[in-house]
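Chemist: Let me begin by handing over the structure; questions about it come next.
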């Protein structure tokens, strides 16, 4: 067991646990985006950052292990500013209209969705290449949950991967093949973990499209 | 998307028994999810569970009782829906009851052949077999498990005295060593296969695949023994021989938990790996390596499917596997065991609830006098102590006129039986065919009266999955049109037949809910006594045996003893009785399933799943295709001595040379017109995996 201080509250916790685990146990809420309880945390989105005394930068709580005597601030001004900025940058580049969890966070942190509207939005045509689900990567925030589910966290099908770098980074299939030509078995486990509606069952997509007309 | 309601239930497809949540809007299933924390699937689903439940709303659902227009007009010809007229429930039930009681009075109960349903609930099946046994006084009660795992049941009953899967799905991810044989697990039990692959990738488990086909899961195996179809016994006997020769067995386990070891160990002499190599085509070193990996493990399990059981030697195949597990003591601990993977959502439950010709619910023998008295006193009538006929024997008896009436709950024998041309001929001789189903299927073309029933989403009840976990299903919708819940319509029919037969006392067909039916059954079946619908509601699922309400259920079997006492080593000989390829019919045809379809296809062909896999494909090895001049995508005729079908070729190294594989789902390519009705002498299961065929270009 080690002792940590979460917002000055003393907390005993097993070694090898993360700061996020400690906060959960202590009943302190830390917002997350890419983190999913059943998947290996990728530490990508940085929404769960916290301020740790002695650390130069903010640390992602989902992948940072606790150490004895660690002093952690989960909602310091610096932390809140970082979270707000992340939400504003995501809003500027991505269509978050189908992300109810993010809408709650945008509201909570007072993020200005239009702050980075002048930057280039990431827009892709909707991919409808199979009878079961659509891929609308304009809504994708690159959390990579789908890639993890498809590979060694759940399904072991290895049909999805990331491609490109920086601005052109996106989720795709190997060689950008259509899904029916890949090792995809249409389990839809990726659809189930997508937090932004980028992956959506064709039925739901079509009902929404009809509703919008 | 905001749904009108979300209904948690059990998936209607394979025997994994995944818990699913139906997302419903405007009284339609829009999509399905899975609760992250519920066993057995913990949030995982496959294409069928997640996308394939839309058959529920298909326009061709049966909505009214149907009566054949030219009923009793001589020879029974197959007719489509146009050959039927809609009728009221009263008319159809009265007509059915009249015809049934007429047969009973004239010819007695054994003129009936009745088929339970591995897709229906435990409660539906309990009522159905009770109707057959108490009202019609016949044990001619069977179901499609006869065509799938009956040889696993027979073999395991002989070896251990119990035929259920010995491990739970939850144990899979912690496996150390496991064998998958005769199972294309990735496609037939997709969610189970994710746990098996997880064991390999994350836990470093060693997987040995023993299968003529190079199925997807071989990608995860340390060894793939690709034996010739039909030579399973030789292969497992050779493994046993090595285990004994190299003294890799578990002598403490053999001494305390088994019998017949001395004689058995002396019977293996001829099964040297070198000789078995000539029989199976598997290099002797691979056989030795597999035996050593399996025997040296602290815990090791075997999983199998139709490749083991659907064989003229199916019972022997199963016993040859049981033998190596008994040798190594790989039974009775977590991560060890013998696991026949069940194909249908409730095939375990259909057998458990008495859908078998020799057993009352709970595998209680119909020939046992004490058991008979127990059921007679509950059902208030005398019962027949003569074990009934199996599925295919009932078909034979129809052909020979001994059986005149078929009553079929939700099954489709004219898709699933071997040698369909012969099976149809048998059907055509029947005098009365009554069916209960949700769709008009291939067998319905021969029916006189068809009752429209409820899908999994329109009734309450329980399914029992492959690892003996009893789980609830929930009603999400009303039945379409005038369709009725299966058990309700069966008990209505039973009451009308009882009254026509002037029974002084009813056997009890006035249940008001599925949970009441379960309670009556649990009263009669000791291993169910701790399970009730209300307990399932609280706990999500319970693995039987569960003898009392404080018992936690039994995730793995045989911890201290086997139901027959000691595990029995069975002496086996090499029998090669399958139809062998010849000059005229040079290929071996193997049949089976694909990921996107399910069994006779009645449901999946009426689902979005059909769009991704709309027609049968015959898988043929690239070298064989080149040698014989066949091309990928070419449509060919495949013929056996019994019939021929037209099918598109898919060139793939999944098939070994000399073997073609065609799935069983497509009525346009009715592969069972080719298969051979050669039966295992004990289990009466046909040799679906081996038929000699020829391929000709069109």
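The values are calculated or read from the model by the stated rules, or taken from the named source; none is laboratory data. Owing to the predicted nature of the structure, the values given are computational and were not obtained by experimental measurement. Cβ: placed from backbone, ideal geometry, glycine included. Neighbour counts: every protein chain shown.
Chemist: Name the residue, out of B:65, B:40, B:78, that is touching a helix residue (DSSP H, G or I) at 6+ places or on another chain (Cβ under 8 Å), more than 22 Å from residue B:484 (Cα to Cα), crowded, with 20+ Cβ neighbours inside 10 Å and more than 9 Å from every other protein chain (Cβ to nearest Cβ).
Modeler: B:40
Chemist: Check segment A:143-165 and report whether any residue there is more than 14 Å from chain B (Cβ to nearest Cβ), part of a loop (DSSP other than H, G, I, E, B) and surrounded by 14 or more Cβ atoms within 10 Å (Cβ to Cβ).
Modeler: Yes, some residue in segment A:143-165 is more than 14 Å from chain B (Cβ to nearest Cβ), part of a loop (DSSP other than H, G, I, E, B) and surrounded by 14 or more Cβ atoms within 10 Å (Cβ to Cβ).
Chemist: Check B:694, B:657, B:689, B:631 and return the single one that is away from every other protein chain (no Cβ under 14 Å) and under 30 Å from residue B:436 (Cα atoms). Can you show your working first?
Modeler: Details: B:694 fails: under 30 Å from residue B:436 (Cα atoms); B:657 fails: under 30 Å from residue B:436 (Cα atoms); B:631 fails: under 30 Å from residue B:436 (Cα atoms).
Unique residue meeting the criteria: B:689.
Chemist: Quick one: would you say residue B:129 is in a helix (DSSP H, G or I), under 19 Å from the mean Cα position of the chain (by Cα) and modelled with pLDDT under 95?
Modeler: So residue B:129 does not fit the description; no.
Chemist: Find the residue count for segment A:43-71, including only residues that are farther than 17 Å from residue A:32 by Cα and free of Cβ contacts under 8 Å to residues at least 40 places away in the same chain.
Modeler: Matching residues across segment A:43-71 total 6.
Chemist: Which residues, counting only those in segment B:476-502, are free of Cβ contacts under 8 Å to residues at least 24 places away in the same chain and within 26 Å of residue B:10 (Cβ to Cβ)?
Modeler: B:478, B:488
Chemist: Taking the residues in segment A:178-208 that are touching a residue at least 60 places away in the same chain (Cβ under 8 Å) and in a loop (DSSP other than H, G, I, E, B) as candidates, determine which candidate is nearest to the other protein chains (Cβ to nearest Cβ).
Modeler: A:197
Chemist: Say we look at segment B:43-61 and pick out the residues that are closer than 30 Å to residue B:84 by Cα and buried (at least 24 other Cβ atoms within 10 Å of the Cβ); which of these is nearest to the other protein chains (Cβ to nearest Cβ)?
Modeler: B:52
Chemist: I'm trying to understand the selection: among the residues of segment B:350-374, which are surrounded by fewer than 24 Cβ atoms within 10 Å (Cβ to Cβ) and assigned to a strand (DSSP E or B)?
Modeler: Listed by number, the residues that qualify are B:359, B:364, B:365.
Chemist: Turning to a different aspect of this structure: For segment B:197-212, what are the residues that are more than 9 Å from chain A (Cβ to nearest Cβ) and surrounded by 23 or more Cβ atoms within 10 Å (Cβ to Cβ)?
Modeler: B:199, B:205, B:207, B:208, B:209, B:210, B:211, B:212
Chemist: Could I ask something else about it? Specify which of the listed residues (B:467, B:478, B:502) is assigned by TED's automatic domain parsing to the domain that holds residue B:411, within 17 Å of residue B:97 (Cβ to Cβ) and either in a loop (DSSP other than H, G, I, E, B) or within 21 Å of the chain's Cα centre (by Cα) (or both).
Modeler: On the way: B:467 fails: within 17 Å of residue B:97 (Cβ to Cβ); B:478 fails: within 17 Å of residue B:97 (Cβ to Cβ).
Within the list B:467, B:478, B:502, the selection yields B:502.
Chemist: Something else about it: Hey, which of the strands (runs of 3 or more DSSP E) in segment A:1-97, taking only ones fully inside, have at least 1 residues that are exposed (fewer than 15 other Cβ atoms within 10 Å of the Cβ)?
Modeler: A:2-6, A:9-13, A:70-73
Chemist: Another question about this same structure. Quick one: would you say residue A:160 is closer than 19 Å to residue A:101 by Cβ and under 21 Å from the mean Cα position of the chain (by Cα)?
Modeler: no
Chemist: Of the residues B:94, B:27, which single one is surrounded by fewer than 16 Cβ atoms within 10 Å (Cβ to Cβ), modelled with pLDDT of 95 or more and on the phi > 0 side of the Ramachandran plot?
Modeler: On inspection, the qualifying residue turns out to be B:27.
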